[in-house]
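K.L.:
Let me give you the structure first, and then I'll get to my questions.
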């Protein structure tokens, strides 16, 4: 082992370089893991697109179908995601497991809060319900984009956050159409770009 004495500045520089290298490697590994799981990201984008578009059509054309009926498909998406997550967790590095667990916890928190708001506070929230949901959704997407340093996901989250204010300006019947649009800008387009990213 080399017993070279380092100056305080050299020690600090060496520590800084080591930390930067570990951060860079962690971000690369996480991005690779999310890229590998981009099929889930895209699945949720297309699932949300078709469910919310179906809900818009049911409301707009006053079809004799329960508005929540298409949303039952989300439970299948959740089950598939959970199974995929359990299987991929076995092969992940400890760093990927940490971020994967964090993202899964954030997604779970989003879903639980959404369900509580919808079931217990929907009438009280009124027209503010959709903006609150979109802001929570945007927060999750932005955090994912920041965590893997992938600008298209981050920009998609910002776009969702901006779209969160549109429901205040339009009739409630079009709120599901805003959700359809957010699935495209926040999930589908970034998901496709993530798969193509080298």
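K.L.:
Would you kindly identify the helices (runs of 4 or more DSSP H) lying entirely within segment 97-192 that contain at least 3 residues that are surrounded by 13 or more Cβ atoms within 10 Å (Cβ to Cβ) and in contact with a helix residue (DSSP H, G or I) (Cβ under 8 Å, 6 or more places away or on another chain)? Lay out the reasoning, then the answer.
P.N.:
Values: elements: 122-125, 129-148, 151-163, 175-183.
Here the list reads 129-148, 151-163, 175-183.
K.L.:
Answer yes or no as to whether residue 4 is at pLDDT below 85, surrounded by fewer than 14 Cβ atoms within 10 Å (Cβ to Cβ), in contact with a helix residue (DSSP H, G or I) (Cβ under 6 Å, 6 or more places away or on another chain) and over 27 Å from residue 149 (Cα atoms). Steps first, answer last, please.
P.N.:
Numbers: at pLDDT below 85: yes; surrounded by fewer than 14 Cβ atoms within 10 Å (Cβ to Cβ): yes; in contact with a helix residue (DSSP H, G or I) (Cβ under 6 Å, 6 or more places away or on another chain): no; over 27 Å from residue 149 (Cα atoms): yes.
Spelling it out, it is not the case that residue 4 is at pLDDT below 85, surrounded by fewer than 14 Cβ atoms within 10 Å (Cβ to Cβ), in contact with a helix residue (DSSP H, G or I) (Cβ under 6 Å, 6 or more places away or on another chain) and over 27 Å from residue 149 (Cα atoms).
K.L.:
While we're here: What do you reckon, is residue 84 in contact with a helix residue (DSSP H, G or I) (Cβ under 9 Å, 6 or more places away or on another chain) and over 26 Å from residue 172 (Cα atoms)?
P.N.:
Yes; evaluated as a whole, the condition is true for this residue.
K.L.:
Can you find a residue in segment 52-73 that is under 16 Å from the mean Cα position of the chain (by Cα), buried (at least 17 other Cβ atoms within 10 Å of the Cβ), within 16 Å of residue 181 (Cα to Cα) and in contact (Cβ under 8 Å) with a residue 40 or more places away in the chain?
P.N.:
No, because not a single residue in segment 52-73 is under 16 Å from the mean Cα position of the chain (by Cα), buried (at least 17 other Cβ atoms within 10 Å of the Cβ), within 16 Å of residue 181 (Cα to Cα) and in contact (Cβ under 8 Å) with a residue 40 or more places away in the chain.
K.L.:
Pick from 128, 164, 159, 138: which is more than 16 Å from the chain's Cα centre (by Cα) and modelled with pLDDT of 85 or more?
P.N.:
128
K.L.:
A further question on this structure: Across segment 109-125, what is the number of residues that are farther than 27 Å from residue 171 by Cα and at pLDDT below 80?
P.N.:
0
K.L.:
Further question: How many residues does segment 7-48 contain that are farther than 16 Å from residue 84 by Cβ and in contact with a helix residue (DSSP H, G or I) (Cβ under 6 Å, 6 or more places away or on another chain)?
P.N.:
5
The values are calculated or read from the model by the stated rules, or taken from the named source; none is laboratory data. In this text the structure is predicted, and so the values were computed from the model without any measurement. Every residue, glycine as well, gets a Cβ built from its backbone with ideal geometry; the counts of neighbours run over all protein chains shown.
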